[in-house]
Structures are given as C-alpha cells and as structure tokens.
Amino acid sequence: MIDELPAGLTARHLAEEDHSRVLTVLDAWWGGLKGEAGATERALLLPRLYFQHFTTTSFVVERGDGGIAAFLVGFLSQTEPDAAYVHFVGVDPVLHGQGVGRALYRSFFALARSHGRHHVHCITSPENTASQAFHTRLGFTASAVKPDYDGPGLDRVAFTIDTAGAV
C-alpha cells in the first residue's frame, strides 16, 4: 500500500481499533512538548470519529510485531473540492530520518490526486519546530503564525502544497 518503507514495516488503512493504540504513543513520541496541556491537546485532536469516518484516507504503519510505527490521519475536504487535509501525523522518533513520514505523505498526495484534489493543507503548533522543518523539506509553503487559530492561546502555522509538484 505504501512504497519506500524501511524493512519490517507494513502499512494499511486506519481502523477504529487503532484509536487507543495511537493515543498510547502520543506522549512518548512528542517528548512532552508543551507539558500536560500539550498531552491533553494532542489527545483531544484525535477523537474516535477520525478512526471511524476517515479510514479510507488515513494510514497506519506497523512493525512486524504489530506495534505502531507511524500514522497519518487525513481526509478529502467537504468544503473545498480541490483540497485534502492532513489532520494529524506521527512517526516513532526512532524512525525519524528513515523516510517513513515522507512515504506517508507521498501516499496521501497520490490518494488526493486520484480524487482530483490539487492542494493539501495541514497545520502545526509554532512550538513544533521539527514539524515545521519537515513540512518545509517536503515542499509545503508555511504561513506566518496564526494567533488563536484553534481557540484562545492555540496558535498555529498553516501549510499548503500543490499536489502536482508534491514529492
């Protein structure tokens, strides 16, 4: 399903049963970014509904033992027929730099193109400089910080990429 994964990793579409498994890895993978408030924020960003209603546009990467190595939750915009959106993505830090995140995004770009979508959007927090650097390396264009984007004190940086030129 996803090409270019390191040996021993396989990918499939997300399923409802993955919800608790993904929530379990968030704190470790984000290294405590923004403390307890950040942990709560991350968990609230991934309610079960994403694992029920966006399974065909979302992916999970697993190790041979079934453990989660990475995931991408994305969907086709209902409002913008030309756009798709990556809502949340995570890669086990042990696998950073091995092409897992890039492979997830490439598969999502291909899926978006197959549905006639020409742009992919996503956001991250201003504190997540690693995410900002990753998205920039992929070719996304970043906005300036958008104050209170997701509510009071929840500033975000927005990213957009044209799927025709996406890697």
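No value in this document is a laboratory result; all are computed from the given coordinates. Since we're looking at a predicted model, the values are computed, not measured. FYI the Cβ positions are ideal-geometry reconstructions off the backbone, even for glycines, and counts take in every protein chain you see.
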| task | Figure the gain on full extension for Q52 and S114 (residue separation times 0.36 nm, minus the Cα-Cα span) and round it to one decimal in nm. | result | 20.1 nm
| Candidates V94, V157, V120, ranked by Gaussian network fluctuation over the chain, Cα under 10 Å, top entry | V94
| task | Assuming 0.692 mPa s and 37 °C, estimate D for region 23-88 with Stokes-Einstein, Rh taken as the Kirkwood radius over Cα pairs, in µm²/s. | result | 247 µm²/s
| Thinking of region 1-117 as a set of Cα atoms, what percent of all their pairs are more than 21 Å apart? | 37 percent
| Distance between region 95-167 and region 1-50 - C-alpha centres, whole angstrom | 16 Å
| field | Spin-label model distance (nm) - T160 vs D3, 7 Å beyond Cα toward Cβ | value | 2.9 nm
| field | Additional length obtainable on full extension of the chain from A37 to E16, 0.36 nm per residue less Cα span | value | 5.0 nm
| Max mean-square fluctuation residue, GNM over the chain, Cα-Cα springs under 10 Å, options T40, T57, T136 | T40
| Once both labels are modelled 7 Å past Cα along the beta-carbon direction, what's the D65-R137 spacing in nm? | 2.6 nm
| remark: Between the modelled labels at L44 and D148 (7 Å from Cα along Cα→Cβ) the distance in nm is 1.6 nm
| query | Anyone know which of F59, F108, F134 comes out most mobile in the 10 Å Cα GNM of the chain? | reply | F134
| field | Helix-derived mean residue ellipticity, 222 nm - over the chain, DSSP H n ≥ 4, -39500 (n - 2.57), to 500 | value | -9500 deg cm²/dmol
